[in-house]
1. So how many residues does region 92-121 have that are touching a strand residue (DSSP E or B) at 6+ places or on another chain (Cβ under 7 Å) and open to solvent by 50 Å² or more (accessible area, probe 1.4 Å)?
2. For region 65-90, name all the residues that are buried (at least 21 other Cβ atoms within 10 Å of the Cβ), touching a residue at least 40 places away in the same chain (Cβ under 8 Å) and more than 11 Å from the chain's Cα centre (by Cα).
3. Can you tell me which residues in region 1-43 are closer than 16 Å to Ile119 by Cβ and crowded, with 16+ Cβ neighbours inside 10 Å?
4. Taking the condition of being in contact with a Cys (Cβ under 7 Å, 6 or more places away or on another chain) and not in a strand (DSSP E or B), how many residues in region 1-41 meet it?
5. From the list Gly81, Gly133, Gly100, exactly one residue is small (Gly, Ala, Ser), out of contact with any Ser or Thr (no Cβ under 7 Å at 6 or more places or on another chain) and over 22 Å from Met53 (Cβ atoms). Which is it?
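The values are calculated or read from the model by the stated rules, or taken from the named source; none is laboratory data. The model shown is predicted, which means the values in this text are computed figures rather than measured ones. Quick reminder, even Gly has a Cβ in these numbers, built from the backbone with ideal geometry, and neighbours come from all protein chains shown. Note: accessible area is taken over every heavy atom of the protein model, side chains too, but ligands, DNA and RNA are not part of it. Shrake-Rupley method; radii C 1.70, N 1.55, O 1.52, S 1.80 Å.
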Amino acid sequence: MSYLTDKPIDSDALVKRIMRPSDGACVVFEGIVRDHHQGKRVESIFYDAYRPMAEKEIARIIDDIHIRFPQVAAAVTHRLGLLKVGEASIVIACSSPHRGEAFEACRMIIDRFKQTVPIWKKERGPDGEEWVGWQK
């Protein structure tokens, strides 16, 4: 299974992939490219990754979620390449019989994703381009 794509993300397809008849809740998080970051205007973002390492780390996150929340089904897709303002860079879907676990699992996935998955972004605006986030 691939967690990375070069094409626009189909949120509905991601949800359909995980929903089961026993589920009473589905939480979907969409990370959207916004038009600003730290006071600077953003026109687009270019996402890049070391794909084998990123895929492995995302799989580890999903496996850990399944251990912590056995009743949660989870799916993640992150887009690479050039994205314009308003496009989804990441979509996470979590379904479960009850909403609490779905919300908690979804939040844990995005928080851990931002901390450990080797995906880099270069923001482009009227003042030029800049790699952001890797300095931390």
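1. So the count comes out to 4.
2. Within region 65-90, Ile65, Ala73, Ala74 qualify.
3. Matches in region 1-43: Tyr3, Leu4, Ile9, Phe29, Gly31, Val33, His37.
4. Residues that pass the stated criteria total 2.
5. Values: Gly81 fails: over 22 Å from Met53 (Cβ atoms); Gly133 fails: over 22 Å from Met53 (Cβ atoms).
Going through Gly81, Gly133, Gly100 in turn, the sole match is Gly100.
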